[in-house]
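K.L.:
Input: one structure, supplied below.
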Amino acid sequence: EIHIKEPIEKEVNPRLLPGELLLCEASTVYKYMQEDRGTYGKLVCTNFKISFLDDDSASDDNEPEFKNKIVGENDITLQCVDQIYGVYDEKKKLLTGQLRKYPERLIIYCKDLRVFNFCLRYTKEEEVKRIVSGIVHHSQTPKLLKRLFLFSYASAAPNNADGRNQTVMFDTLEDWRDELERTRGNVKYKAVTTNEGYRVSEKLPLYFVVPICISEDSILKYEGRGIPIWCWSCHNGAALLKMSSFPKEQDDSTSQMQKAFLDGIYKTISKPPYELLKMDDLSSSLPSLQDIQTAYTRFKQLFLIDNSTDFWATDVKWFSLLESTNWLEIIRRVLKKAIEVAECLERQHTNVLLIEESGTDLCCVISSLVQVMMDSYSRTKSGFQSLIQKEWVIGGHGFLDRCNHLHKSEKEEAPVFLLLLNCVWQLVQQYPPAFEFTETYLTVLSDSLYVPIFSTFFFNSQHQRDTSMSGESLKTQSGPFRFLTVWDWSVQFDPKALAFLNNPFYAEKPKPDKSQRKTARFKHQRQLSLPLTQAKPSTKRGFFREETDHLIKNILGKRIGKFINSSDEPPNSLREFYDSWHSKPVDYHGLLLPRIDGPEIKVWAQRYLRWIPEAQLHGGGTIATAAKILDLMEEVQSLQVKMDEEHSQAVSGDVHSVTMMRNSARLSSLFPFALLQRQSVKPALPTSTWKDLEDEDDLVKRDDEFVDLSGDMS
């Protein structure tokens with residue numbers, strides 16, 4: 001028996017954004033909600049999104065508390081469409097290009113892991129042809145950059161939003177000089193204007209930072225290749241640098257000249273024993289972009305599930321399927337590389353030069369991770385956003401190509417930025433009080449990759465963005481337009497929803513006393529590498545000083561903490577650094593080292609399981625724990641207000657009560673992205689799976705394994 005909502009009689013029209021145009025639509029489309037339930041409605045395609053409208057779309061009742069103002073739960077931006085399948089006589093076929101025959105069912109797989117299943121059996125044939133060919137054409141065929149909705153929106157929408165929002169954009173020389181001063185890198189490094197007018201290279205940003213000894217001629221010689229570009233300076237003066245290398249296929253005379261040029265550059269930076277330099281070619285020490293793309297493609301298939309049968313079939317062999325994707329192993333290797341770099345900077349006081357052919361992919365991942373681990377400013381919301389601006393947006397990561405927004409070439413596609421967010425999530429879930437933002441913040445940031453009203457993730461370089469903005473045809477009535485930045489979260493969420501992005505358990509940095517500011521600052525610099533130990537204060541605070549090396553080796557040398565592959569064990573000094581740090585209490589404003597033993601690397605459950613009802617924990621997961629603690633915090637705050645009123649007769653006005661989580665019994669681990677009441681029917685285990693498992697003694701054990709995994713991941 002199929003439970004069907006009757007077709008709607010009243011006309012429901014899509015809510016269109018400025019610049020958004022309705023391209024095609026089809027009525028009497030049936031959307032499957034669960035296997036035996038669904039609803040009729042209208043399927044529309046615009047130049048921005050695919051949207052399903054039913055009678056619920058017209059009312060504001062039962063709106064989720066965590067609502068995106070731009071993209072609703074039944075909206076799919078054209079950039080978020082991953083693959084489209086048509087069902088012909090119960091057989092699935094991938095839809096691309098021109099269609100000869102039109103399907104009776106349409107299945108849309110999204111890059112944010114949602115799956116939409118539409119039945120077109122009751123729709124008029126002409127409407128089926130229009131909507132299917134329209135959706136396939138506008139979401140799957142190659143397009144020009146200027147055809148992105150980004151430009152339509154920017155020229156039609158009034159831009160009165162404050163784009164900066166405390167985030168440093170790194171599009172001015174002043175921003176770079178301030179960053180040099182903040183990290184005390186201005187002694188050895190300088191911000192340069194050599195690339196003004198993009199006369200050095202269109203791939204480099206307008207302004208960047210290089211060692212003081214590098215001349216302007218050197219920067220100009222090979223269009224910026226072979227030049228160490230500054231990322232960040234450690235408190236001890238050691239710096240993290242990156243460099244785009246020369247192409248490997250060169251004739252002998254050219255490669256000899258380039259080698260001589262590089263030798264000269266290295267000699268100006270590396271001056272032992274005062275200035276040490278370690279070079280790390282990431283293209284040989286980390287997986288290739290193709291390996292990363294292959295692993296992620298396999299991994300995401302585990303979560304693109306549109307029925308209970310598939311879910312329970314994969315659940316039986318979940319761990320082996322997960323391991324075979326190799327995605328978690330890649331995350332582990334990237335985190336391990338970041339630990340190696342941190343050890344060089346922190347313990348060995350050695351400058352590290354990351355080398356990659358482009359200098360804008362794995363260099364961005366490692367340099368960002370190292371800064372998140374070593375600089376507590378990068379763990380605040382504005383600091384993390386400034387870091388993404390510096391290393392990725394202005395740094396020249398090719399978002400347009402890597403996300404394949406224009407469907408130009410699948411060869412260039414690779415989830416490099418998603419890899420960073422997955423690595424940062426590992427740190428967030430291992431050390432929650434160290435971060436001002438939550439995992440929900442990281443999840444909506446990953447979703448924002450596919451929302452083309454923000455320019456942040458839709459260009460390959462600063463040059464491409466600047467030339468697009470200055471195009472003659474792109475003028476509004478009030479003059480040249482400005483693109484929106486994703487960092488203005490109020491565009492997507494109202495204040496109630498924004499509360500989910502801020503971590504209420506963040507251990508804020510205590511502000512130093514003005515009278516003792518100098519001492520406090522010096523003390524903080526020493527503590528970056530050292531979690532404070534309250535019990536036994538030592539006169540020698542240097543955690544990894546030579547005097548303490550022998551002692552650490554004796555006491556901690558035999559600590560358990562084996563890395564997942566014995567063949568891939570780190571060198572002794574790195575193991576010692578790793579084990580020594582983990583033996584101490586954590587300083588949430590100092591150095592953070594991720595735990596990278598096998599079971600510690602987990603699946604980012606909120607992002608990957610949030611649309612699968614079968615995977616939810618009723619009344620469980622981290623959100624239920626958070627709800628209970630927030631209730632207690634709210635109670636403490638209200639008691640504090642009462643006490644203040646009694647003492648001073650004054651009302652404390654700024655109390656952040658989080659009423660949105662009050663009824664924690666009704667929440668599940670899918671919250672805040674999917675609400676429990678929408679998943680009212682729990683699917684039964686399919687008969688075929690029962691038969692397969694009938695003779696298995698460990699059925700209960702297998703079932704427990706699933707529950708434990710969800711618990712860990714949530």
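The values are calculated or read from the model by the stated rules, or taken from the named source; none is laboratory data. The structure presented is a predicted model; accordingly, all values stated were derived computationally and were not measured. Reconstructed Cβ throughout: ideal geometry from the backbone, glycine too, with neighbour counts over all protein chains shown. Calculation scope for accessible area: heavy atoms of the full protein, side chains included, ligands and nucleic acids excluded. Shrake-Rupley method; radii C 1.70, N 1.55, O 1.52, S 1.80 Å.
K.L.:
What would the Debye equation give as log₁₀ I(q)/I(0) for region 22-141 at q = 0.23 Å⁻¹, counting only Cα atoms as equal point scatterers?
P.N.:
-1.59
K.L.:
Any idea of Ser283's accessible area? Nearest 10 Å², probe 1.4 Å.
P.N.:
60
K.L.:
Let me ask something additional. Within the set Lys146/Lys242; Lys188/Lys267; Lys381/Lys642; Lys31/Lys67, which residue pairs have Cα atoms separated by over 25 Å? All intermediate terms of the calculation are to be shown ahead of the outcome.
P.N.:
Details: Lys146/Lys242 32 Å; Lys188/Lys267 15 Å; Lys381/Lys642 32 Å; Lys31/Lys67 21 Å.
Those over the limit are Lys146/Lys242; Lys381/Lys642.
K.L.:
A follow-up question, please. Working only with C-alpha atoms, what are the Rg and Dmax values of region 100-186, expressed in angstrom?
P.N.:
22.8, 68
K.L.:
Pairs of alpha-carbon atoms within less than 8 angstrom and 6+ residues apart define the contacts here; what relative contact order does region 22-141 have, in percent? The partial results should precede the final answer.
P.N.:
Numbers: 212 pairs, mean separation 35.3, N = 120.
Reported relative contact order: 29 percent.
K.L.:
Quick check on region 207-261: take the gyration tensor over C-alpha atoms, sort the square-rooted eigenvalues as a ≥ b ≥ c, and tell me if it's rounded (a/c under 1.5), prolate or oblate. Walk me through the intermediate numbers first.
P.N.:
Numbers: a/c = 2.68, a/b = 2.05, b/c = 1.31.
Judged from the Cα gyration tensor, region 207-261 comes out prolate (a/c at least 1.5, a/b above b/c).
K.L.:
Got a sec? What order do Phe505, Phe261, Phe454 fall in by accessible area at 1.4 Å, biggest, i.e. largest, first?
P.N.:
Numbers: Phe505 75, Phe261 25, Phe454 5 Å².
The residues order as Phe505, Phe261, Phe454, largest area first.
K.L.:
With respect to the cross-link table entries Lys300/Lys509; Lys101/Lys300; Lys203/Lys411; Lys190/Lys278, which display a Cα-Cα separation exceeding 31 Å?
P.N.:
Pairs exceeding the cut-off: Lys300/Lys509.
K.L.:
What is the mean projected area of the alpha carbon convex hull for region 173-501, to one decimal in square nanometres?
P.N.:
On the way: hull surface 81.4 nm².
Spelled out: convex hull of the Cα atoms, projected over all directions, averaged, 20.4 nm².
K.L.:
If you count, for each residue, the other Cβ atoms within 10 Å and average over each peptide, how do 609-621, 135-147 line up from highest to lowest? Could you put the intermediate results ahead of the total?
P.N.:
Details: 609-621: 20.0, 135-147: 16.1.
Those peptides, ordered most packed to least, come out 609-621, 135-147.
K.L.:
Quick one: how many Å² of Ser470 are accessible to a 1.4 Å probe, rounded to 10?
P.N.:
Near enough 70 Å² of accessible area.
K.L.:
Just read off the accessible area of Met243 with the full protein assembly in place, 1.4 Å probe, to the nearest 10 Å².
P.N.:
Probe radius 1.4 Å; accessible area of Met243 about 10 Å².
K.L.:
Let me ask something additional. Order of 81-91, 414-424 by packing, highest average Cβ count within 10 Å first? Working shown, then result.
P.N.:
Details: 81-91: 15.4, 414-424: 23.1.
Descending packing order for the listed peptides: 414-424, 81-91.
K.L.:
Right, here's the next one. Students often check this: by mean Cβ neighbours within 10 Å, which of 166-176, 483-493 ranks highest, and how do the rest follow? List each step's numbers first, then the result.
P.N.:
On the way: 166-176: 17.5, 483-493: 19.1.
Per-residue Cβ counts within 10 Å, averaged per peptide and sorted highest first, yield 483-493, 166-176.
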